[in-house]
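Participant: The structure that follows is given in the form of structure tokens.
Please treat every number below as a calculation from the coordinates, not as lab data. Note that the structure is a prediction, hence the values are computed from the model and not measured. Note: ideal-geometry Cβ built from the backbone for every residue, glycine included; neighbour counts use all protein chains shown.
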Amino acid sequence: MSVYKAIAAVQAELAKEGISKSRNNAQQGYKFRGIDDVYNALAPILAKHGLCVLPRCKSREVVERVNSKGTALFYVTVEAEFDFVCAEDGSRHTVGPMYGEAMDSGDKATNKAMSAAYKYAAMQAFAIPTEGDNDADATTHEVQPMRPAGINKAWFAKAVEKYGEDLRLIAENLNDGDFDAAASIYFSLPEGVIDSVWHAPTKLKAEGLEPVFSTANIAALKSNDWSAARTRYFANKEKAA
């Protein structure tokens, strides 16, 4: 289909220059590519190769928060899909779902969230390279503990013995596609439990251990659906506090 030729042509042009991270976030100290940078780079190339990118918002969630000064902030998460349509023959390819998150004290949170979803859809679909600093465009410093490189059999056995039922339920919920139920258990476990059992099934079996999470479970825990469930979990937790 012509849509894939158009996508490849756009990707080829972007590969020559990339889009540099020329903007700075003074509060958290990282560089990023703004949505205007992406639009400015993409617009003429998309027009040149007859490729349209049409957004479609699938869902929107909003949570009201308060900043350190007591001002209301609206935290919005959107789930969107983007149709890449070839103007020549109407063939299309859908990218998504993609998730965008944003905060704003006025009425711009949804706009910002949609822009974020578009930006990352374009970045991933076209594999847009960066110039210079290649750090992730993170918006928070909250990170999970580093996964251990090797398997600690003692830690694994202790985690399974004490939290085996919880871990089994997480796996079952992931298999059923119930990411919210899985997240409610996952993030309630003590720090270190997940790290003790998060290993590839093949490596665990080689050590004579029964895997807790399947390959499909681990893939699910790296998916956009899981990221969205994590966002909802902590948003609801903060709202209830």
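Participant: Take the cross-link list LYS112/LYS239; LYS48/LYS222; LYS112/LYS203; LYS5/LYS108; LYS158/LYS239; LYS153/LYS237 and give me the ones stretching past 31 Å between alpha-carbons.
Facilitator: As for pairs spanning more than 31 Å Cα to Cα, those are LYS48/LYS222; LYS112/LYS203; LYS5/LYS108; LYS158/LYS239; LYS153/LYS237.
Participant: Between ASP178 and LEU73, what length comes free when the chain is fully extended (0.36 nm per residue of separation minus the Cα-Cα distance, one decimal in nm)?
Facilitator: Result for the pair: 34.9 nm of gain on full extension.
Participant: Same structure, new question: Taking the Cα centre as origin and putting +1 on Lys and Arg beta-carbons and -1 on Asp and Glu beta-carbons, what dipole magnitude results for region 153-240, to the nearest 20 debye?
Facilitator: 240
Participant: Can you tell me the relative contact order of region 153-240? Whole percent, Cα pairs under 8 Å, sequence separation 6 or more.
Facilitator: The normalised contact order for region 153-240 reaches 30 percent.
Participant: Give, as a single signed number, the net charge of other residues whose beta carbon lies under 15 Å from the beta carbon of THR215, with Lys and Arg counted +1 and Asp and Glu -1.
Facilitator: With Lys, Arg at +1 and Asp, Glu at -1, the net is +2.
Participant: Another question, then. Around LEU73, with a cut-off of 9 angstrom between Cβ atoms, what is the net charge of the other residues, counting Lys and Arg +1 and Asp and Glu -1?
Facilitator: Local net charge: -1.
Participant: Next question, about the same structure. Estimate the FRET efficiency between PHE187 and GLU13 by the formula 1/(1 + (r/R0)^6), using the beta-carbon distance for r and 30 Å for R0, to the nearest 0.05.
Facilitator: In this case the efficiency is close to 0.10.
Participant: Give a residue-ordered list of calculated ³J(HN,Hα) values for region 216-226 (Karplus: 6.51 cos²θ - 1.76 cosθ + 1.60, θ = phi - 60°; whole Hz; x for Gly, Pro).
Facilitator: 5, 4, 5, 5, 5, 6, 10, 8, 5, 4, 5
Participant: Let me ask another. State, to one decimal in nm, how far the label point of ASN40 lies from the label point of LYS237, with both points 7 Å from Cα in the Cβ direction.
Facilitator: 3.9
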